[in-house]
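The values are calculated or read from the model by the stated rules, or taken from the named source; none is laboratory data. In this text the structure is predicted, and so the values were computed from the model without any measurement. Cβ sites come from the backbone with ideal geometry, for glycine too, and all protein chains shown count toward neighbours. Heads up: the accessible areas ignore ligands, DNA and RNA and are worked out on the full protein's heavy atoms, side chains in. Shrake-Rupley method; radii C 1.70, N 1.55, O 1.52, S 1.80 Å.
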Amino acid sequence: MSRVAYVDGQYLPHRLAAVHIEDRGHQFGDGVYEVLTVFGEQLVDEQPHLVRLARSLVELRMRAPMSESALKIVMREVIRRNRVRNGILYLQISRGVAPREHAFPKSAKPVLVVTSQPRRPADPQIAEAGIAVITIPDIRWRRCDIKSIALLPNVLGKQLAREAGAFEAWQVDPEGCVTEGTSTNAWIVTADRSVVTRQADSAILNGITRLAVLEIMAREGYRFVERPFTVAEAKTASEAFLTSTTVDLLPVVSIDGAPVGDGTPGPLTRRLCERYLTHVAEAA
Ligand code: PLP
């Protein structure tokens, strides 16, 4: 079956789908995006994603390409036309097409791109064995709370992780505290079984998975705190994990080559992982 993409008002065969060479997303990374999980043909946590999208647009002083209700119709149509049961939906909005000039163009209309594809079933081995992370300096800008398509430091960081044989790179601020992964939020569990993740300030993206996990913990009486944690604290944590829409919740079993806890996924992490997967099914 051939894939279909929505590009600026048209549903096009994927291989013909393209943006203009003077699209500001293409030239400046001047755009925002969202990635949503599709479960049983339904969007998971659609509303929080749309709230974050609206916030990103406001922060970058960009117009929305269409109303929220129209966007919901386009997203559903892309899922339908691609016959995606379980997968992801990607949506991107750029400031538009205009002659190349840094300042905002006077008249450009935002360009919306939406794609959807099945997600390959996660390798159960990965969740079973846990994954390795490395730590790297956080070289990003000071507005990481905006889900901007300008992701060069994240791309470089993920590549460093790959080259080190790790799954993810945890970025570290000048104070020695972990901000987040290159495409995931970072969590640890302390010796007294309290779950710690950095507060949602402008140094991190406030992940929708992060919000769901916090909500699960609040509802089910887990002990947790949103505060910075150092690399040293992470390395002596009893458990660690990471979260994102595309990987759900994965146990971290080593940091910079040193085992976390006993080097296997911890019990609290496993429980939260199960709970999160239930949430995905319920929130769709
Ligand atoms: N942090 C960064 C830098 C990301 O790029 C992402 C996802 O793309 C996340 C965290 C996790 O966010 P979410 O749970 O909304 O997928």
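Quick notes
- You will find that of Leu36, Leu43, the residue that is within 16 Å of the ligand (Cβ to nearest atom), under 27 Å from Thr278 (Cβ atoms), touching a helix residue (DSSP H, G or I) at 6+ places or on another chain (Cβ under 6 Å) and open to solvent by less than 50 Å² (accessible area, probe 1.4 Å) is Leu36 and no other.
- Residues in the stretch 123-157 that are among the charged types (D, E, K, R) and over 19 Å from Arg198 (Cβ atoms) were compared, and the one that is most open to solvent (accessible area, probe 1.4 Å) is Glu128.
- Residue check for Leu112: closer than 20 Å to Gln10 by Cβ and outside any helix (DSSP H, G or I): yes
- Residue in the stretch 13-33 that is farthest from the ligand (Cβ to nearest atom), counting only those that are surrounded by fewer than 17 Cβ atoms within 10 Å (Cβ to Cβ) and within 22 Å of the chain's Cα centre (by Cα): Phe28
- Residue in the stretch 237-263 that is surrounded by the fewest Cβ atoms within 10 Å (Cβ to Cβ), counting only those that are within 26 Å of Arg120 (Cβ to Cβ) and away from the ligand (no atom under 16 Å from the Cβ): Ser254
- Only a single item in (1) open to solvent by 10 Å² or more (accessible area, probe 1.4 Å); (2) out of contact with any Phe, Trp or Tyr (no Cβ under 6 Å at 6 or more places or on another chain) is not met by Ala234, and it is number (1).
- Any pair with Cβ under 6 angstrom, 6 or more apart, that starts in the stretch 11-24 at a residue that is farther than 22 Å from Glu101 by Cβ and ends at one that is of a type in the set (Gly, Ala, Ser): Leu12/Ala5; Pro13/Ser2; His14/Ala5; Ala17/Ala5
- Qualifying residue in the stretch 191-204 (condition: within 25 Å of Glu46 (Cβ to Cβ), within 14 Å of the ligand (Cβ to nearest atom) and assigned to a strand (DSSP E or B)): yes
- Residue in the stretch 239-251 that is over 21 Å from the mean Cα position of the chain (by Cα), assigned to a strand (DSSP E or B) and not hydroxyl-bearing (Ser, Thr, Tyr) present: yes
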